[in-house]
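Peer 1: Next up is a structure, given as structure tokens.
The values are calculated or read from the model by the stated rules, or taken from the named source; none is laboratory data. Since the structure is predicted, the reported quantities are computational estimates derived from the model, not experimental observations. With ideal geometry, Cβ positions are generated from the backbone for all residues, glycine too; neighbour counts draw on all protein chains shown. The protein model used for the area step is the full one, side chains on, heavy atoms only, and it has no ligands, DNA or RNA in it. Shrake-Rupley method; radii C 1.70, N 1.55, O 1.52, S 1.80 Å.
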Amino acid sequence: MTTNRILLLGGLWLDASAWDGVVANLEDAVAVTLPGQGDGNTAATLDDQVAAVLAAVDAEPGPVVVVGHSGACSLAWMAADARPEKVAKVVLIGGFPWADGQQYFPFIPPTDGAVRFPGWEAFEGPDSADIDADTRASFAAAAIPVPEGVTGGTVRLGDDRRFDIPIVVVCPEFSPEQARGWIDSGDAPEVARAKHVELVDIDSGHWPMLTRPAELARVLAQV
């Protein structure tokens, strides 16, 4: 069980409040506000987000656990790369980090300078099977367009000490067996090079912080 401060990083379209249910059930956890996702900064860049996360890491007197959800798995890994002496563990929820030189979020093109939530049709199936109608409506209404300076940013990694940091992959809409297959086949090269990888199942869709916050908190308390 961890006794380190846990820093929570939300994926696209989320602000720090998405973690409220987890924080309420988890000691020593704090959700980091990412520039461009909740602070009104429409000109935010990926470098700004990295700087915000590193500021949160540096503000802690001891080691930290950095948790990244979905697209922010890359952000968590970039923080580990930049502060390998401070990051005790990285938790990846529903995703894997990109390698050096790849675009942060290449999947949806920006419109008028931002990547907007595309609607639930794009996430039908296991991603959203556990999300009820009210939660879908509130999510869509609150979804924050993420500045293209963030989504179009380039992942930068350069310190091989990151591979010494233990990784926990939390598997929501996919199984640990599927995750292991992707890692072994080369689809997650950064995780494949890590020396310590643990796969943990959680029975949820892609957004367990919204649909299974207490269960997710219990998982994170055990890392």
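Peer 1: Step by step: first the residues of region 112-125, then only those that are of a type outside the set (Gly, Ala, Ser) and surrounded by 11 or more Cβ atoms within 10 Å (Cβ to Cβ), then the one that is farthest from THR154 (Cα to Cα). Which residue is that?
Peer 2: In this case the residue turns out to be TRP120.
Peer 1: Hey, which of the helices (runs of 4 or more DSSP H) in region 122-214, taking only ones fully inside, have at least 1 residues that are under 19 Å from MET78 (Cα atoms)?
Peer 2: Those helices (runs of 4 or more DSSP H) span 148-151, 176-185, 189-193.
Peer 1: Taking the conditions exactly as written (buried (at least 16 other Cβ atoms within 10 Å of the Cβ) and either at pLDDT 95 or above or under 22 Å from THR211 (Cβ atoms) (or both)), does PRO97 satisfy them or not?
Peer 2: It is true that PRO97 is buried (at least 16 other Cβ atoms within 10 Å of the Cβ) and either at pLDDT 95 or above or under 22 Å from THR211 (Cβ atoms) (or both).
Peer 1: All but one of (1) more than 25 Å from PRO189 (Cα to Cα); (2) part of a loop (DSSP other than H, G, I, E, B); (3) of a type outside the set (Lys, Arg) hold for PRO97; state the number of the condition that does not hold.
Peer 2: The number of the failed condition is (1).
Peer 1: Scan (1) open to solvent by 20 Å² or more (accessible area, probe 1.4 Å); (2) assigned to a loop (DSSP other than H, G, I, E, B); (3) over 30 Å from ALA137 (Cβ atoms) for the single condition LEU54 breaks and write down its number.
Peer 2: Condition not satisfied by LEU54: (2).
Peer 1: Identify all residues within region 175-218 that are open to solvent by 20 Å² or more (accessible area, probe 1.4 Å), within 28 Å of ASP20 (Cβ to Cβ) and not basic (Lys, Arg); write none if there are none.
Peer 2: Correct list: SER175, PRO176, GLU198, LEU199, VAL200, ASP201, ASP203, LEU210, THR211, PRO213, ALA214, GLU215.
Peer 1: For region 171-202, give me the residue count where each residue is touching a residue at least 40 places away in the same chain (Cβ under 8 Å) and of a type in the set (Asp, Glu).
Peer 2: 3
Peer 1: To continue, here is another question. Can you name every residue in region 96-126 that is more than 24 Å from ALA142 (Cβ to Cβ) and among the aliphatic types (A, V, I, L, M)?
Peer 2: Passing the criteria: only ALA99.
Peer 1: Sticking with this structure for a sec: Only one of these is open to solvent by less than 60 Å² (accessible area, probe 1.4 Å) and of a type outside the set (D, E, K, R): GLY149, GLY158. Name it.
Peer 2: GLY149
Peer 1: With the requirement that a residue be touching a residue at least 40 places away in the same chain (Cβ under 8 Å) and surrounded by fewer than 24 Cβ atoms within 10 Å (Cβ to Cβ), what does region 36-49 give you?
Peer 2: Those that are touching a residue at least 40 places away in the same chain (Cβ under 8 Å) and surrounded by fewer than 24 Cβ atoms within 10 Å (Cβ to Cβ): GLY38, ASN41, THR42, ALA43, ALA44, THR45, ASP47, ASP48.
Peer 1: Considering region 1-32 alone, what residues qualify as being surrounded by fewer than 18 Cβ atoms within 10 Å (Cβ to Cβ) and either modelled with pLDDT of 95 or more or not polar (S, T, N, Q) (or both)?
Peer 2: MET1, ASP15, SER17, ASP20, ALA24, ASN25, GLU27, ASP28, VAL30 - these are the residues of region 1-32 that are surrounded by fewer than 18 Cβ atoms within 10 Å (Cβ to Cβ) and either modelled with pLDDT of 95 or more or not polar (S, T, N, Q) (or both).
Condition check ((1) exposed (fewer than 14 other Cβ atoms within 10 Å of the Cβ); (2) among the aromatic types (Phe, Trp, Tyr); (3) touching an Asp or Glu at 6+ places or on another chain (Cβ under 9 Å); (4) closer than 26 Å to GLU177 by Cβ) across all residues:
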{"residue": "ALA76", "(1), (2), (3), (4)": "no, no, no, yes"}
{"residue": "PRO84", "(1), (2), (3), (4)": "no, no, yes, no"}
{"residue": "ALA88", "(1), (2), (3), (4)": "no, no, no, no"}
{"residue": "ALA133", "(1), (2), (3), (4)": "yes, no, no, no"}
